[in-house]
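Below: the structure, in structure tokens.
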There are 6 protein chains.
Amino acid sequence: MVQADDFSFSGLHLPGNTSNPVGSKVTLINVAKIPGLNTLGVSLARIDYAPWGINPPHYHPRASEIFTVIKGSLEVGFVTSNPENRFITKILHQGDVFVFPAGLIHFQRNLGTGHAFAISGLSSQNPGIVTIANAVFGSTPEISSDVLVKAFQVDKNVINYLQKKF
Amino acid sequence: MVQADDFSFSGLHLPGNTSNPVGSKVTLINVAKIPGLNTLGVSLARIDYAPWGINPPHYHPRASEIFTVIKGSLEVGFVTSNPENRFITKILHQGDVFVFPAGLIHFQRNLGTGHAFAISGLSSQNPGIVTIANAVFGSTPEISSDVLVKAFQVDKNVINYLQKKF
Amino acid sequence: MVQADDFSFSGLHLPGNTSNPVGSKVTLINVAKIPGLNTLGVSLARIDYAPWGINPPHYHPRASEIFTVIKGSLEVGFVTSNPENRFITKILHQGDVFVFPAGLIHFQRNLGTGHAFAISGLSSQNPGIVTIANAVFGSTPEISSDVLVKAFQVDKNVINYLQKKF
Amino acid sequence: MVQADDFSFSGLHLPGNTSNPVGSKVTLINVAKIPGLNTLGVSLARIDYAPWGINPPHYHPRASEIFTVIKGSLEVGFVTSNPENRFITKILHQGDVFVFPAGLIHFQRNLGTGHAFAISGLSSQNPGIVTIANAVFGSTPEISSDVLVKAFQVDKNVINYLQKKF
Amino acid sequence: MVQADDFSFSGLHLPGNTSNPVGSKVTLINVAKIPGLNTLGVSLARIDYAPWGINPPHYHPRASEIFTVIKGSLEVGFVTSNPENRFITKILHQGDVFVFPAGLIHFQRNLGTGHAFAISGLSSQNPGIVTIANAVFGSTPEISSDVLVKAFQVDKNVINYLQKKF
Amino acid sequence: MVQADDFSFSGLHLPGNTSNPVGSKVTLINVAKIPGLNTLGVSLARIDYAPWGINPPHYHPRASEIFTVIKGSLEVGFVTSNPENRFITKILHQGDVFVFPAGLIHFQRNLGTGHAFAISGLSSQNPGIVTIANAVFGSTPEISSDVLVKAFQVDKNVINYLQKKF
């Protein structure tokens, strides 16, 4: 028999730890954290940014996202699919809302010298996150550098350098 | 051709006006406010509460909701469907998250003497809101009091009183 | 291996027992009664009405309903969502068909001095039923009367009276 | 602005005209007859049967069906898909309910010497009906008899005879 | 933990065995053959045709199909639902693409004196196949010949002949 | 009134032009090329590869893909989402089938010295294609190099070099 605890979670007021190379932290409250979300088609995220931190280019394979700035100023944007690859971007301040359509690559960057944070609603209980740099250069095992050399049209040593980073 | 403005909205940091009988205000950012939400299956809401204000019993015909307290302490709950009609309730503080499953009646009440507010993600670009008291006692035209007398098993003057209120 | 019995049910020609305060009985043939309905997205209901009986204001969290009067005359209606709360109503006679859109509050009332009954198709194998009076005033445990006093703007003794009824 | 008439239809108590070679008539109340059914995912049908009449083998490309006998006794059945092609069948009497899963071929036959009729709920506002004999032998233009000779493994004159019938 | 083998299958370059009365063979790669297709909503088929072979009239209860001729020339077609029963047909050559909408009866016929083959994508991990002749005349147990005599309006001996064939 | 031409397309037997930096060409037959695909949830693609050509890392925001090698040998793979970023890979020969789950980054590489080609079914009439290198380094306008420097943790001149390439 379900209880209130199956529908709740605590601690989203706590800033995520942004001491990492990109200077940001996503705290995603999905069905793995709240079992009662099962079949409900929604989840929530808090994103924290160190000064000049970025939430690097990524996408959600199974969700759209609606995002609002609680504190700070952020540059945000997404890129449309082939062949246009239009970059739709905006500078957001506190209380601004922005939408990242399902499956499109997007990012945010803290434009200020203070900590910033945002809250998002996502259209899946399990949206998934694919961070471009990690998936392409940091997979286990690695993607053959021959593929990446041709895909990004750079020297093998650049690819090898990138693969060591991730 | 879509522009950033089709995907954005401003002003969600501003408290809603809670000077009304229930002492709360829902600001819903749906597809009517952000056209780019069309087909994306998600929306966002800010709910403000005066001291002891309530967001009265209501439901969303087309959405589940995931809710987090940004400021204040709130009593929240939802009621399951027939025949159990179990009331699942919890007291939430800042940073607590709670889920209201699709189509179930739910409410929130500010337990404190200060202003409180919360942010929600909803699983539809157009969730709809049905406030029980308004739909039942405040429709245009009114539902026949004979129906409501029998449904709520009270005297006609109680029903008439309620219908005048809404 | 599935058998015909997994896809069938008997007894829907029998009038439901309407000896109850509202004078009606819903017999819902859903996936709990016919296992073969699983994943099929449809169910069927028979609703019986004593003279002047009502099927009180309720809604289905997961289904639309298409309703036809087999015997008798019924007043029916549903209320649209906020902010309009329009009451769409009609008097139905034998052979009339009416639609209750997904998630909207609706009811029926027998307008005659004889027994009446109707058949409905619903767009889910498990539509759910939320009866307003039972969910709001008859939940287990009860919703705090402070919430209901404010939501319905009546004295606490009216709320207490209602909570004892349900 | 929607009105009650957008959600209603009259006349389903009237028997359909069964003076045709198969001795049955389907009256389908779909979105073409009730505009308010749009997006609601449900429709309703009445099926009338002359004595020994059949609702011939057919299927609904976009709907499951839940069927109940209002008057009479009917033999009903559906056939599962390849490779089993199991025939799941049952004799139904007044008040019996039976389910025809989405997209499977099914039929009903009146087993009695009187008029019979049934009501069905279907899981689409536009279920579609494909009657096997009409689609295969009565299309416009006709399917080449060479195809049908090989498909049904009969002489061309049998196919030509069937094509003239439909 | 998933492995590459959960997402792969071998042997689709091998012609199917068309030594059967209709002179064709469908090799369907669905979730039963590739477990990783689960929830992915897509499958693939190879269809081989002996000279003048047909893939007899059939439909997929849960999928649309997009079809391309790899080798040979084929007559293809589908029939729309009641009441029009329009036969939409075309002769296809190598590299031609054709669409069979979800749930509509369709077939292909090899127009040449050599082996032909085609590849299809289908919009379900488990599309299902209902072959008209097998479902109607070859079910287990058989559909009563009384039903089929009336449905196809032929003598009982024609129906009995057809039932022996399938 | 629909015609056969609304459901067909010609020329998929013709090799795509692979004279480009990655040595591959995707020919996607979606609803823009066949109007009759509308609402049907499926499309088809042919992919051609020059010797050692790659179909570079990309994903489909709205579709899963089932892929079969018609000619040649290909290395294929996809990367799972965060945090595992597992690379699931396999070498495919003629007649091998492989699945790319919805929204995951995948690629193919021709392992041979001759032309290769493959056919895919996709679970949407409009799957969309996001090629990682083009979306990240070749958008219009460009993503700020500050973002990309931090996302990929390389010097600005590497980012500038990449942005000039795409």
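The values are calculated or read from the model by the stated rules, or taken from the named source; none is laboratory data. The structure presented is a predicted model; accordingly, all values stated were derived computationally and were not measured. Ideal geometry is used to build each Cβ from the backbone, glycine not excepted, and the neighbour counts take in all protein chains shown. These accessible areas exclude ligands, DNA and RNA; they are computed on the full protein's heavy atoms, side chains included. Shrake-Rupley method; radii C 1.70, N 1.55, O 1.52, S 1.80 Å.
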Checklist entry - In segment B:15-29, which residues are closer than 18 Å to residue B:45 by Cα and either more than 7 Å from chain A (Cβ to nearest Cβ) or open to solvent by 90 Å² or more (accessible area, probe 1.4 Å) (or both)? => result B:15, B:16, B:17, B:18, B:22, B:23, B:24, B:25, B:26, B:27, B:28
Item to check | Checklist (1) open to solvent by 20 Å² or more (accessible area, probe 1.4 Å); (2) within 16 Å of the chain's Cα centre (by Cα); (3) within 9 Å of another protein chain (Cβ to nearest Cβ) applied to residue F:86, failing item | outcome: (2)
Checklist entry - residue A:113 is checked against (1) open to solvent by 10 Å² or more (accessible area, probe 1.4 Å); (2) polar (S, T, N, Q); (3) in the same structural domain as residue A:24 (by TED's automatic domain parsing); (4) at pLDDT 95 or above and fails just one. What number does that condition carry? => result (4)
Next on the checklist: Take the conditions touching a Lys or Arg at 6+ places or on another chain (Cβ under 6 Å) and either at positive phi or crowded, with 23+ Cβ neighbours inside 10 Å (or both) and apply them to residue F:81. Does it pass?
Outcome noted: no
Checklist entry - residue F:76 versus (1) within 8 Å of chain E (Cβ to nearest Cβ); (2) of a type outside the set (Ser, Thr, Tyr); (3) within 22 Å of residue E:33 (Cα to Cα): which is the lone unmet condition? => result (1)
Checklist entry - If you scan segment F:66-121, which residues turn out to be acidic (Asp, Glu) and touching a helix residue (DSSP H, G or I) at 6+ places or on another chain (Cβ under 9 Å)? => result F:75
Next on the checklist: Quick check on segment F:110-142: of everything there that is within 14 Å of chain E (Cβ to nearest Cβ) and in contact with an Asp or Glu (Cβ under 6 Å, 6 or more places away or on another chain), which residue is farthest from residue A:150 (Cα to Cα)?
Outcome noted: F:122
Checklist outcome for this item: Over segment E:125-159, the set of residues of a type in the set (A, V, I, L, M, F, W, C) and closer than 30 Å to residue F:124 by Cβ is E:129, E:130, E:132, E:135
Next on the checklist: Taking the criterion of being open to solvent by less than 20 Å² (accessible area, probe 1.4 Å) and more than 20 Å from the chain's Cα centre (by Cα), would at least one residue in segment C:127-144 satisfy it?
Outcome noted: yes
Checklist entry - When segment F:89-104 is examined, which residues are found to be crowded, with 20+ Cβ neighbours inside 10 Å and more than 16 Å from residue F:58 (Cα to Cα)? => result F:92, F:96, F:97
Checklist entry - Just one of C:107, C:152 is touching a Lys or Arg at 6+ places or on another chain (Cβ under 9 Å), modelled with pLDDT of 95 or more and either surrounded by fewer than 18 Cβ atoms within 10 Å (Cβ to Cβ) or more than 10 Å from chain D (Cβ to nearest Cβ) (or both); which is it? => result C:152
Checklist entry - So residue C:12 fits all but one of (1) open to solvent by less than 30 Å² (accessible area, probe 1.4 Å); (2) within 11 Å of chain D (Cβ to nearest Cβ); (3) closer than 29 Å to residue B:127 by Cα; (4) under 17 Å from the mean Cα position of the chain (by Cα); what number is the exception? => result (3)
Item to check | Which listed residue, of A:63, A:32, is small (Gly, Ala, Ser), open to solvent by 40 Å² or more (accessible area, probe 1.4 Å) and in the same structural domain as residue A:123 (by TED's automatic domain parsing) | outcome: A:32
Checklist entry - Which residue pairs have Cβ atoms under 9 Å apart, sit 6 or more places apart or on different chains, and have a first residue in segment D:152-166 that is on the phi > 0 side of the Ramachandran plot and a second that is among the basic types (Lys, Arg)? => result D:153/E:165
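Step by step: first the residues of segment F:129-160, then only those that are small (Gly, Ala, Ser) and in a helix (DSSP H, G or I), then the one that is farthest from residue F:45 (Cα to Cα). Which residue is that?
Filtering first and then ranking leaves F:145.
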Next on the checklist: What are the pairs with Cβ atoms under 8 angstrom where one residue, in segment A:44-67, is more than 8 Å from chain F (Cβ to nearest Cβ) and of a type in the set (Lys, Arg) and the other, located anywhere, is part of a loop (DSSP other than H, G, I, E, B) and surrounded by fewer than 24 Cβ atoms within 10 Å (Cβ to Cβ)? Sequence gap at least six, or different chains.
Outcome noted: A:46/A:12; A:46/A:16
Checklist outcome for this item: Counting only strands (runs of 3 or more DSSP E) wholly inside segment F:12-124, the ones holding at least 2 residues that are of a type in the set (Phe, Trp, Tyr) are F:97-100
